Structure formats: C-alpha cells, structure tokens
1. Where nothing but the Cβ of Lys and Arg (+1) and of Asp and Glu (-1) is charged, how large is the charge dipole of the range 325-399 around its Cα centre, in debye to the nearest 20?
2. Can you tally the net charge around residue 232? Count Lys and Arg as +1, Asp and Glu as -1, for every other residue whose Cβ sits under 9 Å from the Cβ of residue 232.
3. How large is ³J(HN,Hα) for each residue in the range 167-175, as worked out from phi by the Karplus curve 6.51 cos²θ - 1.76 cosθ + 1.60 (θ = phi - 60°), to whole Hz, x for Gly and Pro?
4. Going through the range 346-395, which GluC sites (Glu not before Pro) have at most 12 other Cβ atoms within 10 Å and a DSSP loop state?
5. Can you tell which of 740, 729, 679 lies farthest toward the positive end of the dipole of the range 674-752, using +1 and -1 charges on the Cβ of basic and acidic side chains (Lys, Arg; Asp, Glu)?
6. Have a look at 345, 322, 386 and report the one farthest towards the positive end of the charge dipole of the range 282-424, computed about the Cα centre with Cβ charges (Lys/Arg +1, Asp/Glu -1).
7. What lysines could a cross-link reach from residue 771, if we take a straight Cα to Cα line under 25 Å and drop same-chain neighbours fewer than 8 places away?
8. Counting other Cβ atoms within 10 Å of each Cβ, which trypsin sites (Lys or Arg not before Pro) in the range 325-368 have at most 11 and sit in a DSSP loop?
Amino acid sequence: MEGWDPQNLILPEVGKLCRSQSEYLDQHFKTQKDVSSSSTSSSCLLSEWTKHCSDYDNRLLHLRTTLMDRTLSWISSSFRAKASLSNLNLTLSASSQCYELSSSLTITETALRLEALVGDLEDVVFSSGNHRPGNMFAKFSTLLTSQDFGVKEERLLKAIKAMNDVEEIIVNVEKSQQWHHLLKSVDHRVDKTLAILRPEALAEHRALLASFGWPPKLLASKVESGGLSKLLNPLLLMHGNEKKSYAQSFHVLCALQQLHSRREARKFKSLGQNECEIRLWAIDELVTPLAVRMEYHFVKWAEQPEFMFALVYRVTRDFMEGVSDILQPLIDAARLTSYSANEAWVSAMVHILSGFLTKNVFPALAERYKEKDMKLEVISLWLYLVDLIVAFDKQMQSLLRYETCLLFPDAQRRGISVLIVFCDRPDWLKIWAKMELKDGWKKLKAVLKDANAWQIDDKHRVDFDISTICESFLLSSREAHKAPFVAESALKIAQEMIDRCQTLPDILSRAKFVRSTVARFFWYFSNVLLLHCRNAELPPEELDGSAFVRACESINAARYVESKLQEWSDDASFLEMKIAENNSNMQEQHQGFYDDCFFEEEIKCLAELETNWLMEIVAVLLRQFENLTLEYNHTEDSNAFIEALQSLKNQLHVLKKNLNGKDFLDLWRSVADGLDHFICGSILGGDVKFSKKQSNEFGTDMQALFLVFQPFCARPEAFFPCIRDILKLLAMSGEEVKHLLVGKKSEKYMQSYGISHLRFDQVEKTLRKLKF
C-alpha cells in the first residue's frame, strides 16, 4: 500500500453503484476526513479487507481442489456406470432376435467399453492433486518420487494393462474397416498417456541403475597400454532387494516396449508399411551412460582411432556374461519373443561407435577430401578406419557365434556393423568407393610391373592327352585355366573389396558399392588384357609364336576371371543384391541388366575379348596356310603342302601348350573347319584335273592333314566333311561317276553314294575334273 493516494483513485460514477455498495460506503465514509489515508477507520477497514480477501482466496482454492477430486470421482463412477450399461446392452442384444437392434447395441457396447477403458487409464495416470488445476495431462513425477518403489511399479503395470486392453479392442474394431474417427481419437489419447509413462519409467530405471553403481569406471589407460584386465560388472554384483527391484523395473520397461511395438506394428500395417525393428529399451539404458563416458575418451583418441575400437570391444566382451546370465532370463520372463539380450547388447555398443564416427570423424574427413593437397592423407586415414571397422565388426559378430541361428540369421546379424554410417550417407559411400577403386588399381599396377605377372606355371604347359581330354575341360583353378598370375592378383584385389563391404547392413548400398568398385575394376582389367594382346611385337597378320603366347595369356586370364565372376554371381549374397537392384529405381536405368546374373555385363565383355582374339588367331593361321599353299594349288607340289602342314603343326603345338583346354578345343575345330572349306573351295575353283595318280597323291596329302589334328581327337577326318566327300568322289569308278551324274539331283540320292556335305553342283564340278 506504499505510495497509495486516495486522490489519484478513479472511482466509478455514483449512478453505476448498486444499492448495497452505496449503503456500505455511506456507513463507513461519512466525512472527507474518513477518506484520508491517515484516518484510523480507514486503516482498520484496509486490514479487514485484506483478511477477507485472503479468506476468500483460501476458500476458492479449497473449492477448486474439491471440485477436481469430485469431477474425477464422478468420471470414474460414470465410466463404471457406462460399463454396467454396456454389459446390460450385451445381454439384451444376445437375447434379441432382431439383427438391426443387435448391431446397434454392439456399436454402443464397443464405444462405451473403449470410453471406460481409456477413462480408467487416465484415472491411473492423472488422478493426482500435484498437477496444476485445469491441466489434465500434467506430469505426475512428484507423485512417483514420493511413494515407495513397489507402489510406483504397480501403478505403471496397471496403466500398461489398461493400454493393452484398449489395444485389444482397437485391433478387433479395425478389422471391420469402420469407426476411423473413434479409433483415431482413442489412439491420440493413449499416445498422450504413453508419452508420459515411458519417460517416467525410464527415469525411475536410470535412478535405480545409478543406485548400484552403473555405469562402471572405464580404465582407458589400460587400453592405451594394451592391458586386458577384466572390468567389474555391477550387474553381477546385485543382490537381494537390488536385484528384485531391478527385475521389476526391467519388467516394466519390457512391458512398455512390448505394448509400443504392438501399437507401432498395427499402425505400420494399416499404412501399408513394414514393421520397424525396435531395440531393447532396457539394454539402451545400460548403454547410454556408458556412451557418455566412452565419448570423453574418444575425443582424446582422434589421432589414434584404434583405441576407440579396442575400448568398445573390451567393454562389450567383459559385460557379456552379466548380460546373458542376468538379462536374458528377464527378457524371457517378459515374453519378448525373438529378442536376444546378447545381440541387443552388442548392437547397442556398436551403435555407440558408429554414432561417434558419424558425428565427429567422417564429416571432417569428407570436408578435407575436397581439398586437393589433403586428398592423399585423407584417403590413407579413411581406408585405415575402414580396416579397423572391418576387423572390429568381425570381432563383435564373433561374440554372437553361439546365438540360435533360427532366431538370428546371418542377414540380421550383418546389421551389427559400424559400416552402417555409410548407409544413410550415399555421398560418403561414393567417396569410399572411389578410394577403394583407386587403391585397387594402384595394387594392380604394382603387380603388372612384376616380371612374373604374365607367367604361366610350366608344369601345366603339358601336351594334349586324348585319354584325359574330358577332364581337361573341367576348369576350376587358375592352373587349370593356364591363367597368368596377374589374373589371380586381380581376383584377389576384387575379393578384398567385396569382403570389406560384406557387413554393410543395407543390401542396396552394398550393391552400389560393388558396382562402383569391383565392376569398374574388371572393366579396367579387361582393357589391360586387350592392350596386352595388342602390344605384341608383330602385327596380327604376321603373328609368330611369342605373339601367340601373349594372346593366349590374355584369353586364359579372361576365361578364368569370367568363370570366377559367374561363380560369384551364383552366390547368395550377390543374388540378394541383384534382387534389391531389380526392386529399386535402378531397374529403370538398366532395363534387363539384372535378369541373368550380377556381373552379366563384365562377363559379356570378357567373353567378347576371348572370342575376338580366338577368331583373330584362327584367321592368322588360315592366312598363313593359304600363303604357303599358293604354289600347291597351281602346281600340285606336295612339298609346299607338307611345308604348310609343318608350319600349322608347330603353331598348333604352341597354342596347345599355352591356351586353356576349352578355348583350344574351340580353336582347333575352327581351324579344321576353315581348312575344310578352304581346300574344298580351292579344288572346286581351280583348273586342276585329277588322274588316278593325282587322286592318290591328293588323298595322301589329306591323310597328312588329318595327322596334324590326330593328337586332338581319335577321328580327325570327321572334322573335314567336305574333304571327305571329295575323296569319295575322286575314288569313284567311271561307271559310278556316270550313274551319279545322270541320276536324280537330290540330297537323298547323293547320300546313297556317301555324299552328304556337298551340293549337287559341287559334286558335278568335282566329277568333271576326273580323268579316266
């Protein structure tokens, strides 16, 4: 009242005062002196008014509190009354024979039942005088912390049971595809309740963990010095009431998570989405305070990342016993099916490290990678980190080697990987792929500088043995393919790239990485093979033995790599990647690309290289033979023909020694087919007449030709069908020639004389060259 001046008050007009107010003022303020602040009556009146105001405030607060308590009590009674009415409706509807009435009562019953259950739930959570009046959804933390632990757990479990009952009705109602607004309203109210219960339950659980010494101290100095002393696990030190209280709190969190998972699964299903994987909250509560302590050490080890991985692995391993012995029975008791305490523990610990790398390590490296003068340093550190991650993932997954394979398949276990940092950051995945490809190409170039890179083992340069000809086509190893060492090195480099991304949790990310590294690497390698052929000292038309060897080395390497790529494509992991690609938007960009196998284009490229160079060698052999037999075609000089055969034999021997069995089979058959058509064409197009003597000499020359191919098959003449038909024609008598020339000009008629590969005009032309 300090500084109060009655002269400064703005009083209402006299006409606006009610009668009781005017009488009151006339009674207490009869003169101007009574209005003065110094007046004794005025001071007494002020004290009286202040007391009355305080009394009225207290009465108003009491009325508000009473009103709220009675309102909540009325709501609860109302819900119970409605529930009783709903039960009555159920009885009436069961005895009624009218379908419409029954349907109407069922709707009423469900709505009332939901209202009653949600009301009971809100009673459990919000019936406290500690929240502000009018705020129905205020937190009740004061209530929880003011009561003993058993009462708190009982209250939470009661609320969870109420929400489970609501969920049961919602699931049944959803099947009818009706009442969307009702369900939406109920879901909204339950979600609000759940949003309060979960943090409260977590807060209680954290307080309980802290009470028995969690998280334990981490002796980072032991990690730096290489010490491996085992950490004490507070979980194993719990006893008596501590263990009982922890089990109760754990059960509450599991029940909450089970309810949350159930609701999320229903919502995702109604939206046409897949159910998301939810980790164990109770395990996360163990890991979260550990993460805070670990990250303190991680920051100090920015230049020594190997210590980060060592610390996480050590903590994970040392606490596995307590997690398995203490937590798994609690999970089983909570009926959380398909949940493994060990797997949840390992997964959460991996998440600590991946989270730190995502926030504090890779962003800085990605920025420094953009600087030209820093690229080499960043590449080195990045690849070193990947090496650590790959080794760490193997260690962590080895801790789960005894988990039940039925519940935890390999596909799920691959999710336990620090490489998950690249799944949500395709830009980082692209940078990593570029680094791996560059590093792989660098390794291959180092191999190519080795003098033995294109060497083939001499013990596999063996002659063709007809008795083992079938076995020689069953190619599997590098030696069986007669492939040079560089092919094995290329496959080894590619396999290392594949192995490094094998634990990428996202299949499509893994496919993109392999496409950007392994697939491109083999495109580069196919160019290496092509250049190796083209860099022969002599041009193809003058190809000699050394040039043949170079071509064989590239063909053998291509054949071996092709077989390995086909083998890889048949592996389950590559089949998964192919399916993922087919189901992604990449299918539109590469229509038909993934229909056969993952490395279809790379295999096709290598196969084309083999075919083209095999045909090049065949063409050279045939041209050389043609050049050497020019004189024979004009003068029938057998010496020229024998010289050509000797040259051909020598070239085939070089090819047989250096080329893999399958490709050599195709090659010599192609050469035989080419010679068959060439010699046949030379005879038909020439002017030479065949006497008996000349026919015999031609037959002798052809037998010599067959002998060249004798080491490769038992009946070489079978691969010269046109020459064989000509030899039959040249051996005919004059009478047979006459009958054949005047006979029917049909294939069936000629086949009766054993001629099956020459047309009648060719037969006629040959026969007219005979001299009797």
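The values are calculated or read from the model by the stated rules, or taken from the named source; none is laboratory data. Keep in mind the model is a prediction, meaning the values are calculated, not measured. Neighbour counts are summed over all protein chains in view; Cβ atoms, including those assigned to glycine, are modelled from backbone coordinates with ideal geometry. Areas reflect the complete protein model, heavy atoms only, side chains present, ligands, DNA and RNA absent. Shrake-Rupley method; radii C 1.70, N 1.55, O 1.52, S 1.80 Å.
1. Working: 7 positive and 9 negative charges, 47 e Å.
That gives the range 325-399 a dipole magnitude of about 220 debye.
2. Once all neighbours under 9 Å are counted, the net charge is +1.
3. 5, 4, 5, 4, 4, 5, 5, 4, 5
4. Numbers: sites: 367, 371, 377; in loops: 371.
Of the GluC sites (Glu not before Pro), the ones in loops of the range 346-395 whose Cβ has at most 12 other Cβ atoms within 10 Å are 371.
5. 740
6. My answer, from the dipole projection, is 386.
7. Partners found: 689, 692, 693, 728, 738, 744, 745.
8. Those that pass, being in a loop and sparsely packed, are 335.
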